[in-house]
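Visitor: Sharing a structure with you now.
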Amino acid sequence: MNSTADQVIVCKWNRDLIATLLEHTPEVYVILDDFDVEHMGPDWELLKGAAKVYRVGEFDSLEEVASVAADLALRGVSGDRVVSFTEFSQYGAGYLSTLLGDSADPLRHVAFRDKRLMKQRVAAAGIAVADWVGLPDRSDERDLAAVTGRLEFPVVVKPVAGAGTIGTFTVRSAEELAPRLSALDPIPFFKSRQLIAEEFVVGRELHVDALWDGDEPLFLVVSAYFVNVLSVLEGLKDSKAGTGTPLDGSYVISREDAPDLYQQVLDVHRDVNRALGIDRAVTHLELFEKPDGRLVFSEIATRLGGAYVGSMLTEVLGRDIFQVVGEGLFLGSLRETSGKHRYVGAVHLRPARPGRITSLPSEEEMLAIEGVQQAQRVARVGSVVDFSHPSEWCVFVILGTDTAEEFDALVARVGRELTVEVEPVD
Ligand SMILES: Nc1ncnc2c1ncn2[C@@H]1O[C@H](COP(=O)(O)OP(=O)(O)O)[C@@H](O)[C@H]1O
Ligand SMILES: [Mg+2]
């Protein structure tokens, strides 16, 4: 009989991850949602090798996730290893592990998503975080008064459990707060309407992508966004769009170039993991590096970074990131990984102004540029880009070079030569 240590529950479809897990154990239980089935083309042949495949409409449905939990419980499946790698399955996956008996703290997985609970727990462990105030009801004057009474402006306002900088904006003064909040449109991506306000932290914005087995990272990669993610679009809007696209994307900081930063990040990361109860997981941590070098916690997710981050990690590690994650999460160890290039980064190409896309660089054209390692067109001709948030992904270009000078030159060349053209939309 197989032991529970061989059992893995995977939330959502990813071929490389599921195939890798199936190489190690037949006890893979897969849960797909309607989006997977309708848009992601799951490989039903491969899935025949899984112990069971469940289908839910969406992971946010308590009823559907509870039914899956009940069936798994009847089969004697434990919730010790639930792998969820997208933002939209995180609450469902956490609820599932809680139901299947994994957590002594039923709020644990909520603290991986809700920015208030997350920050409260991290700050209680002595880690620096931006000063923040919850805004559970933006029509309640007392909630607004709590923000203006406590925080220094500018502040950043965002959904409590958002993602991708969607519905996130800067408010420059206390007077601006009420009008901005009352003008808010509902955000289709998220169900909760609760918001959080935070003091704006000035500094370089880092993202740290890691895979953990207890206190030890199986890999840990520190990168920096070219510019604060929120500022990319706010800067563009302020400049009346079209006067030039600020650089969007990020670059990996080479460990050899910055050993002290890596050590400092590792120390903070371990403290964050302990504060939140993160153990065997893949993580995407965001930090601000203040001008004096101090690190301020921004947020963490127990999943891979979105957009181009997975492809960037594939380049750094020299192996498909989903295979690496599957192997690391299952075995608690990794075979050798080593990328070909010391300097790796990603550029996101978006048009200089909102509109309907009329042309995009072809993948061949992008790959023909020396140093471009991967190129991915996410949008297509005819897609409308309205600049409503920074995660309207168009084209990802993954770069890899041997020297820092070549890297900077390549980033500039890609920004200059590869463009996404649009026409106005009525
Ligand atoms: N307190 C803050 N100070 C400065 N910039 C912030 C702050 N909070 C958020 N931002 C900017 O907004 C972006 C989105 O916020 P974040 O908390 O990462 O939410 P999410 O990624 O879940 O949408 C960040 O990447 C950062 O650029
Ligand atoms: Mg973020």
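The values are calculated or read from the model by the stated rules, or taken from the named source; none is laboratory data. Quick caveat, the model's predicted, so the values are computed rather than measured. FYI the Cβ positions are ideal-geometry reconstructions off the backbone, even for glycines, and counts take in every protein chain you see. The accessibility values were calculated without ligands, DNA or RNA, using every heavy atom of the protein model including side chains. Shrake-Rupley method; radii C 1.70, N 1.55, O 1.52, S 1.80 Å.
Visitor: Kindly indicate whether LEU117 is within 25 Å of ASP60 (Cβ to Cβ) and of a type outside the set (Ser, Thr, Tyr).
Guide: Yes: the conditions hold for LEU117.
Visitor: State yes or no: is GLU198 of a type in the set (D, E, K, R), within 13 Å of ligand 2 (Cβ to nearest atom) and under 23 Å from VAL344 (Cα atoms)?
Guide: So GLU198 fails the test.
Visitor: How about segment 4-52: which helices (runs of 4 or more DSSP H) wholly inside it have at least 2 residues that are under 27 Å from the mean Cα position of the chain (by Cα) and in contact (Cβ under 8 Å) with a residue 60 or more places away in the chain?
Guide: Those helices (runs of 4 or more DSSP H) span 15-24.
Visitor: Tell me the residue from ARG270, ARG255 that is part of a loop (DSSP other than H, G, I, E, B) and surrounded by 12 or more Cβ atoms within 10 Å (Cβ to Cβ), please.
Guide: Exactly one residue qualifies, and that residue is ARG255.
Yes or no, residue by residue, for (1) out of contact with any Asp or Glu (no Cβ under 9 Å at 6 or more places or on another chain); (2) within 16 Å of ligand 1 (Cβ to nearest atom); (3) in contact (Cβ under 8 Å) with a residue 40 or more places away in the chain:
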position	(1), (2), (3)
ARG280	no, no, yes
THR283	no, yes, yes
ILE300	no, yes, yes
ARG303	no, yes, yes
ALA307	yes, yes, yes
THR314	no, no, yes
LEU317	yes, no, yes
ASP320	no, no, yes
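Visitor: Here's a follow-up. Could you count how many residues in segment 169-225 are under 30 Å from GLU336 (Cβ atoms) and hydroxyl-bearing (Ser, Thr, Tyr)?
Guide: So the count comes out to 2.
Visitor: Tell me whether segment 102-116 contains one or more residues that are more than 16 Å from ligand 2 (Cβ to nearest atom), in contact with a strand residue (DSSP E or B) (Cβ under 7 Å, 6 or more places away or on another chain) and either open to solvent by 20 Å² or more (accessible area, probe 1.4 Å) or of a type in the set (Ser, Thr, Tyr) (or both).
Guide: No.
Visitor: Check whether at least one residue in segment 231-240 is closer than 30 Å to VAL344 by Cα, away from ligand 2 (no atom under 16 Å from the Cβ) and crowded, with 19+ Cβ neighbours inside 10 Å, and report yes or no.
Guide: For segment 231-240, residues closer than 30 Å to VAL344 by Cα, away from ligand 2 (no atom under 16 Å from the Cβ) and crowded, with 19+ Cβ neighbours inside 10 Å: present.
Visitor: Restrict the check to segment 210-225 and report whether at least one residue is within 14 Å of ligand 2 (Cβ to nearest atom) and surrounded by fewer than 21 Cβ atoms within 10 Å (Cβ to Cβ).
Guide: Scanning segment 210-225 turns up at least one residue that is within 14 Å of ligand 2 (Cβ to nearest atom) and surrounded by fewer than 21 Cβ atoms within 10 Å (Cβ to Cβ).
Visitor: For segment 410-418, state whether one or more residues are acidic (Asp, Glu) and touching a His at 6+ places or on another chain (Cβ under 8 Å).
Guide: There is no residue in segment 410-418 that is acidic (Asp, Glu) and touching a His at 6+ places or on another chain (Cβ under 8 Å).
Visitor: Can you tell me which of (1) within 16 Å of ligand 1 (Cβ to nearest atom); (2) out of contact with any strand residue (DSSP E or B) (no Cβ under 6 Å at 6 or more places or on another chain); (3) of a type outside the set (S, T, N, Q) is the one PHE190 doesn't meet?
Guide: Every condition holds for PHE190 apart from (2).
Visitor: Can you tell me which of (1) farther than 23 Å from ARG81 by Cα; (2) more than 16 Å from ligand 1 (Cβ to nearest atom) is the one ARG335 doesn't meet?
Guide: Every listed condition holds for ARG335 apart from (1).
Visitor: For segment 128-149, enumerate the residues that are surrounded by fewer than 18 Cβ atoms within 10 Å (Cβ to Cβ) and under 19 Å from VAL296 (Cα atoms).
Guide: ALA128, ASP131
Visitor: Mind listing whichever residues of segment 150-174 are open to solvent by 20 Å² or more (accessible area, probe 1.4 Å), more than 11 Å from ligand 2 (Cβ to nearest atom) and free of Cβ contacts under 8 Å to residues at least 60 places away in the same chain?
Guide: Hits for segment 150-174 are ARG150, GLU152, PHE153, PRO154, ARG172, SER173, ALA174.
Visitor: Could you please let me know if ILE127 is within 23 Å of HIS389 (Cβ to Cβ) and in contact with a Phe, Trp or Tyr (Cβ under 6 Å, 6 or more places away or on another chain)?
Guide: Spelling it out, it is not the case that ILE127 is within 23 Å of HIS389 (Cβ to Cβ) and in contact with a Phe, Trp or Tyr (Cβ under 6 Å, 6 or more places away or on another chain).
Visitor: Taking PRO179, is it closer than 27 Å to PHE88 by Cβ and without any contact (Cβ under 8 Å) to a residue 40 or more places away in the chain?
Guide: Criteria not met by PRO179.
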